[in-house]
Structures are given as C-alpha cells and as structure tokens.
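Colleague: Okay, here's the structure, questions in a sec.
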Amino acid sequence: MKVVKPGSTALYPAPAVLVSCGVARPNLITLAWVGTLSSDPPTVGIAVRPGRFSHKLIAEAGEFVVNLPHAGQVGIVDYCGHVSGRDVDKWAACGLTPVPASRVRVPLVAECPVSLECRVSHRLVLGVHELFMGEVLAVQANEEVLDAQGRVDYQLTRLLAYVGGYYWQLGELLGRYGDWRQGCA
C-alpha cells in the first residue's frame, strides 16, 4: 500500500554537477536541478535561484558549462554548493583548472571528465528558481574516459548523483536501451 505525501522534489536521482559561469570573473555553482530537455537541438536545463551570484553571471554572459564531476570530487561539489562566489574564488580554493571552451567564452573544469558547453536559448521563471535552457554546442571529454570508438564510457567517469540531501556514485550497468524490447522480464 502506498502512503500519500505532500508534493515535493522527489524525482531522484538527479545529477550533481559543477556549472561554470561568468567570463571576466568565472565562478562555479553546484546544481542538482539539472536535466536533458531536448535531443534536437541538444538542450539541457539548469535551475538557479535568482539571488545566487551565478544567476547574474549566467544571465549576463548567456552561456554556461555543465561539468560532470567524478566521485572523487564529492568534497569539491559540496564545497562549491555551500560558499558564494561573491566571497570566494572557488577555482583557487578547490585547486581546479579553468580551461578555455571551444564554443563559449565561459571556461570548463579540466578535472571534470565531461563538460557540456551551452548557450542560453530560453529562460523561464518557475517559482523560486529560474530555468536556463542551454543548447549544447559542444561536449568535451577527458581522453581517459573514452572507449575504443571515441565515445564516453560512463562506467569510467564515476559520475555523482544527488538523492534527498545525499551524494551517490552511479554504480552497476544493468543493460542497454532496447535490450528488453521483447518483454517486461
């Protein structure tokens, strides 16, 4: 029997990412309200509270980079979610390397295995957050997470997920899309 609970943000897991933003003074923000919105054009969405320092940077530049951290960076992810870029240079504090992106002016994080370079295509105010929809113009991946065909091997990336206040590392591969076309077993 199911128990009815009040409405909440119970859609988990959510990716735990580091979004780089800002051009003149780049910053990082940890976000979990992030997702794929369209495959053509490739579009992702990030939800940011307007009071956050990064909100202004994303709005001004019209660009951002979604950096996918690995499990070994969970401390960095948590730190960047608890301090403000108004007060701290998170890049320096965390020993992260800003690297020029290929299609946007915002730098990406060298130490993150995968980075999505995005240009804001739409904005939508949703309650206490504003959704920035960004067309993914390029994806950069560290060579060590690529398979023999040059595709990202997500088992090698050791990606993080956020679930109800906790960080998790993604685990066991269960199958490939389309493997269960023959039934619900």
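The values are calculated or read from the model by the stated rules, or taken from the named source; none is laboratory data. Quick caveat, the model's predicted, so the values are computed rather than measured. Glycine gets a Cβ as well: all are built from the backbone with ideal geometry, and neighbour counts include every protein chain shown. Note: accessible area is taken over every heavy atom of the protein model, side chains too, but ligands, DNA and RNA are not part of it. Shrake-Rupley method; radii C 1.70, N 1.55, O 1.52, S 1.80 Å.
Colleague: What are the residues in region 109-130 that are out of contact with any helix residue (DSSP H, G or I) (no Cβ under 9 Å at 6 or more places or on another chain), in a strand (DSSP E or B), within 14 Å of Val66 (Cα to Cα) and hydrophobic (A, V, I, L, M, F, W, C), if any?
Modeller: Leu116, Cys118
Colleague: Return the residue satisfying two criteria in turn: it lies in region 43-71 and is touching a helix residue (DSSP H, G or I) at 6+ places or on another chain (Cβ under 9 Å) and in a strand (DSSP E or B), and of such residues it is surrounded by the most Cβ atoms within 10 Å (Cβ to Cβ).
Modeller: Phe64
Colleague: Just the residues that are among the β-branched types (Val, Ile, Thr) and more than 19 Å from Ala16 (Cβ to Cβ), please, taken from region 107-164.
Modeller: The answer is Val120, Val125, Val128.
Colleague: Looking only at residues that are in a loop (DSSP other than H, G, I, E, B) and touching a residue at least 12 places away in the same chain (Cβ under 8 Å) in region 80-91, which one is most open to solvent (accessible area, probe 1.4 Å)?
Modeller: So the residue we want is Arg86.
Colleague: Any idea how many residues of region 117-138 are touching a Ser or Thr at 6+ places or on another chain (Cβ under 7 Å) and not acidic (Asp, Glu)?
Modeller: 5
Colleague: Only one of these is touching a Ser or Thr at 6+ places or on another chain (Cβ under 8 Å), under 25 Å from Ser8 (Cα atoms) and crowded, with 17+ Cβ neighbours inside 10 Å: Val114, Val109, Val77. Name it.
Modeller: So the residue among Val114, Val109, Val77 that is touching a Ser or Thr at 6+ places or on another chain (Cβ under 8 Å), under 25 Å from Ser8 (Cα atoms) and crowded, with 17+ Cβ neighbours inside 10 Å is Val77.
Colleague: Evaluate the following for Leu96: is it open to solvent by 40 Å² or more (accessible area, probe 1.4 Å) and either without any contact (Cβ under 8 Å) to a residue 60 or more places away in the chain or in a loop (DSSP other than H, G, I, E, B) (or both)?
Modeller: The answer is no for Leu96.
Colleague: Could you look through region 25-42, keep only residues that are of a type in the set (A, V, I, L, M, F, W, C) and touching a helix residue (DSSP H, G or I) at 6+ places or on another chain (Cβ under 6 Å), and pick out the one that is nearest to Pro107 (Cα to Cα)?
Modeller: Applying the filter and picking the extreme gives Leu28.
Colleague: Does Val106 qualify as being more than 22 Å from Tyr167 (Cα to Cα), in a loop (DSSP other than H, G, I, E, B), among the hydrophobic types (A, V, I, L, M, F, W, C) and in contact with a strand residue (DSSP E or B) (Cβ under 7 Å, 6 or more places away or on another chain)?
Modeller: yes
Colleague: Working only within region 134-177, note down all residues that are open to solvent by less than 40 Å² (accessible area, probe 1.4 Å), out of contact with any helix residue (DSSP H, G or I) (no Cβ under 7 Å at 6 or more places or on another chain) and farther than 21 Å from Val99 by Cα.
Modeller: Answer for region 134-177, where residues must be open to solvent by less than 40 Å² (accessible area, probe 1.4 Å), out of contact with any helix residue (DSSP H, G or I) (no Cβ under 7 Å at 6 or more places or on another chain) and farther than 21 Å from Val99 by Cα: Ala161, Gly175.
Colleague: I'd like the residue in region 20-42 that is among the β-branched types (Val, Ile, Thr) and either more than 14 Å from the chain's Cα centre (by Cα) or over 20 Å from Ala141 (Cβ atoms) (or both) and, out of all such residues, is most open to solvent (accessible area, probe 1.4 Å).
Modeller: So, considering only residues that are among the β-branched types (Val, Ile, Thr) and either more than 14 Å from the chain's Cα centre (by Cα) or over 20 Å from Ala141 (Cβ atoms) (or both), the one most open to solvent (accessible area, probe 1.4 Å) is Val23.
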